[in-house]
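See structure below.
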Amino acid sequence: MKLIRNEIREQALTRGLFIASGALPVVEIAAECGFDWLLIDMEHGLGDEQATLQQIMMLNHASSAPIVRIPALNEATIKRILDFGASGIMAPMIETREEAERLVRAMRYPPEGIRGLSSGSRAADYGFHFKEYFQRANRELLCIAQIESAAAVRNIDSIASVEGIDVLFIGHSDLSLNLGCYRQFDSEPMRSAEKAVLEAARKHGKIAGMLCKPSMSATDCIERGFRFLAMGTDLNCMKSAFRKLLEK
């Protein structure tokens with residue numbers, strides 16, 4: 001499997017795509033296009049647990065790393081998805097330091113965490129390479145905390161200070177809804193929240209991430225300081241392409 005934490009922390013920019021369709025050919029095509037990572041979305045996407053496993057398997061020999069957004073902060077789900085072979089986990093609605101610590105601990109084997117051990121997991125190539133995986137997993141699995149509420153912004157400094165959190169990823173839709181300015185991404189409350197997250201990321205050596213909405217400029221997002229950038233979603237890409245075909 002592809003372990004990418006060190007690579008992502010060292011690069012000036014990594015580009016990914018949200019996969020919400022649950023469709024295997026879409027994962028193959030996106031990987032061939034050269035995205036650094038693909039975010040398999042179990043929170044709002046159409047794929048269930050088995051579809052997630054199959055999508056991870058499709059990326060076994062691809063250059064794109066499989067990252068999974070889980071539906072909610074749940075230790076049992078994290079353990080299972082990591083055993084499938086995910087390169088990282090994104091947890092939605094992280095609002096406190098305690099939740100950030102729970103996320104990190106769920107992703108790590110003891111003594112640093114509480115992840116259950118299976119030497120025969122798919123992540124360890126069914127046991128063929130367990131020793132190598134075990135030695136690397138705690139250090140190299142990518143841990144992403146999604147910032148999506150006013151409470152998370154208020155607590156952003158303490159969240160960002162948690163060792164083991166790698167990426168602070170703003171969920172613009174939920175955050176704008178929570179701040180009372182839904183989809184007004186250029187509004188003062190949203191810009192202020194973005195600034196707080198970016199400053200906390202710089203202060204604590206974290207990476208700031210976001211999903212570039214169709215109305216946004218990717219260049220502008222990068223210039224503001226976002227280094228872990230989702231360029232869009234597979235569903236929106238297909239919708240845009242289909243519309244262009246009809247317009248022709």
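Where a number appears in this text, it was derived from the coordinates with a stated rule and is not lab data. Since this is a predicted model, take the numbers as computed values, not measurements. Virtual Cβ from ideal backbone geometry, glycine too; neighbours counted across all protein chains shown.
Rounded to the nearest 0.05, what FRET efficiency do L117 and N6 have when you use their Cβ-Cβ distance and R0 = 30 Å?
On the way: r = 23 Å, r/R0 = 0.76.
The computed FRET efficiency comes out at 0.85.
Filter the cross-link list K79/K203; K131/K206; K213/K244; K2/K213; K79/K131 down to pairs whose alpha-carbon distance in this structure exceeds 23 Å. Can you show the working numbers first?
Numbers: K79/K203 30 Å; K131/K206 29 Å; K213/K244 18 Å; K2/K213 27 Å; K79/K131 18 Å.
Where the Cα-Cα span goes over 23 Å, the pairs concerned are K79/K203; K131/K206; K2/K213.
7 Å from Cα along Cα→Cβ at both E223 and K239: what's the point-to-point distance in nm?
2.7
Please enumerate, by chain and number, the lysines with C-alpha under 21 Å from the C-alpha of K248, excluding those fewer than 8 residues away in the same chain.
Leaving aside lysines fewer than 8 places away in the same chain, those within reach of K248 are K239.
What is the distance in Å between the Cα centroid of the range 68-93 and that of the range 205-248?
Each part's Cα centre sits 23 Å from the other's.
Between [x] 28, 19, 18; [y] 32, 19, 18; [z] 27, 24, 15, which entry matches semi-axes √(5λ) of the Cα gyration tensor in Å as derived from the coordinates of this structure?
Read-out from the structure maps to [z].
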